[in-house]
Amino acid sequence: MSPTRSASRGRALLALLGLGIASVTVLAGTTPASAAATFTTQAPRATGAVKVGSTITAVFPTWRPAPTAKGYRWLRDGKAITGATRPTYTPAAGDSGHRLSLMIIGSRSGYAKATRTKDLGIVAKGDAPKMTVAPKLTGSAKVGSTLTTTNGSWNRSGLSVRYQWLRNGSVISGQTKKSYTVSGSDFGATLAARVIVSKAGYQDGSARTTVTAKVTRSAAFSGNGTYAVGSKIKPGTYFSGSTSGCYWARLSGASGSFDEIIGNSFGSGQRIITIASSDRYVSFSDCGSWYPIASAPRLTKMPADGVFKVGQQIAAGTWRTSFTDGCYWETSSRASGRFEDVIANDFIDGRGSTTVRIGSDISVFESSGCGTWSKVG
């Protein structure tokens, strides 16, 4: 040691003794403790579709040096999902529509713990349930009959079910129950049911039954002639198919006397008759088959010729036709064929369009030579 350095240390020691410090240890070469080392990291990767019900697997990339302990955290909208600390995660229904992230954690003795996070995007709805056994219809495709569908079988449990009914492939508005009563509007069409299944977090699944044969209807009676009321022909209201000149009469007797006619009607197109329990006979000519009024089709437009049931076939309201060159219309309180039951009528000859207000108190509306009627209010 040089004399100069030794003298300097001696003077420092004397100064400390002068301050009353008993002893001092002097270190020749002290350095601070070294900080923890850091990893060289990469962000994680993940395999698998980010959707409900699909398993996603975390891929821990190469870090230098390799961590001796690895950890995983799955995050929903940036917050840790309780219990989701494994390398795999299957999004649940509650994750649908939320952002999913993957965090990896690495540690090693002598190194600062490190984390890296990967945004995996928005969790999509899971795949729709798949049908394993198709739904099936039971019942008859006949006006007035009831069709019922089964639910079929599906590859998932816990499903809610709803239904649609289809006429010629198009959805029938308002028909959402498991069973469907075939109406007059279905005559000549095919029917089917669609079963739709739902589960929270998943897309909807659906399956359709096979279609029926074309819907038929059974006639209450048919033919020309005079018939007694009560056996084959029962009291009630009936409608015919389209005719080109149908005559019917309600009779108190069968002798052919004019005085026995209670009410009668002649015309083309669909016809309607209400047979009273007091009628003894009815007579028909060129009317074809007759059907219960409950099976009559619903109409959004009225043909030029015919008699139509208000409420059952056409809605009350305002109706208009533009072809009025020789148009006769009539409203009645019932299809009795009696003049006393006529509420209003008119004959229009070349006066342009005409409008008729059909009230809810009207039972039937008759049109002859008027062109197509459209509801305008």
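The values are calculated or read from the model by the stated rules, or taken from the named source; none is laboratory data. Not measured: the values here are computed from a predicted model. All Cβ positions, glycine included, derive from the backbone under ideal geometry; neighbour counts span all protein chains shown. The protein model used for the area step is the full one, side chains on, heavy atoms only, and it has no ligands, DNA or RNA in it. Shrake-Rupley method; radii C 1.70, N 1.55, O 1.52, S 1.80 Å.
How big is the dipole moment of the chain about its Cα centre under a simple scheme where the beta carbon of each Lys and Arg is +1, that of each Asp and Glu is -1, and everything else is neutral? Debye, nearest 20, please. Walk me through the numbers before you get to the answer.
Values: 44 positive and 19 negative charges, 741 e Å.
The dipole of the chain has a size of about 3560 debye.
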Give me the Å³ per residue figure for the convex hull around the C-alpha atoms of region 39-130.
88 Å³
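Out of the total accessible area of region 122-252 (probe 1.4 Å, heavy atoms of protein only), what percent is carbon and sulfur? Intermediate values should be presented prior to the final figure.
Working: 3170 of 6550 Å².
Using a 1.4 Å probe with all protein chains present, region 122-252 comes out at 48 percent carbon and sulfur.
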For Thr41 and Lys136, extending 7 Å from Cα along the Cα-Cβ vector and measuring point to point gives, in nm, a value of 6.0 nm
With +1 at each Lys and Arg Cβ and -1 at each Asp and Glu Cβ, the charge dipole magnitude of region 164-309 around its Cα centre, to the nearest 20 debye, comes out at 760 debye
Expected-Rg normalisation [2.2 N^0.38 Å, Cα atoms] applied to region 94-176:
2.11
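Can you give the calculated 222 nm mean residue ellipticity of the chain, where each DSSP H run of n ≥ 4 adds -39,500 (n - 2.57) and the sum is split over every residue, rounded to the nearest 500 deg cm²/dmol? Intermediate values should be presented prior to the final figure.
Values: 1 runs with 16 residues, N = 377.
Result for the chain, helices only: -1500 deg cm²/dmol.
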Quick one: dipole size for region 52-205, taken about the Cα centre, charges +1 on Lys/Arg Cβ and -1 on Asp/Glu Cβ, in debye to the nearest 20.
540 debye
5 Å is the cut-off here: which amide hydrogens, built 1.01 Å from N in the peptide plane, fall below it relative to Thr88, excluding neighbours closer than 5 in sequence?
Ala58
Gyration tensor over alpha-carbon atoms, region 280-363, equivalent ellipsoid semi-axes in Å
23, 16, 14
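Longer than 22 Å from Cα to Cα, which of Lys309/Lys375; Lys79/Lys118; Lys51/Lys136; Lys142/Lys375 are they? Say none if no pair is. Walk me through the numbers on the way to the answer.
Values: Lys309/Lys375 15 Å; Lys79/Lys118 13 Å; Lys51/Lys136 32 Å; Lys142/Lys375 29 Å.
Pairs exceeding 22 Å: Lys51/Lys136; Lys142/Lys375.
How large is the Kirkwood hydrodynamic radius of the chain, counting all unique pairs of alpha carbons, in Å?
Kirkwood hydrodynamic radius for the chain: 29.2 Å.
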Interchain or sequence-distant (5+) residues whose placed amide H lies within less than 5 Å of the amide H of Ser289 are Gly241
Report the label-to-label distance for Arg99 and Ser360 in nanometres (one decimal), using points 7 Å from each Cα along the Cα→Cβ vector.
5.6 nm
First measure r as the distance between the Cβ atoms of Ala228 and Ala92, then evaluate 1/(1 + (r/R0)^6) with R0 = 56 Å and state the FRET efficiency to the nearest 0.05.
0.15
Vicinal HN-Hα couplings computed from phi for region 367-377 (Karplus, 6.51 cos²θ - 1.76 cosθ + 1.60; Hz; Gly/Pro x)
10, 9, x, 9, x, 6, 9, 10, 7, 10, x
Treating only the Cα positions of region 194-269 as identical point scatterers, give the base-10 log of I(q)/I(0) from the Debye formula at each q in 0.11, 0.13, 0.14, 0.17 Å⁻¹.
-0.52, -0.60, -0.65, -0.83
Quick check: convex hull of the Cα atoms in region 220-377, volume per residue, rounded to a whole Å³?
103 Å³
Can you tell me the 0 to 90 degree angle between the C-alpha axis of helix 3-18 and the longest principal axis of the chain, rounded to 10?
70 degrees
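When all alpha-carbon pairs of region 53-96 are counted, what percent fall beyond 18 Å?
Counting every Cα pair in region 53-96, those more than 18 Å apart make up 35 percent.
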Could you order Met131, Met302 so the one with the most accessible surface comes first? Probe is 1.4 Å.
Met131, Met302
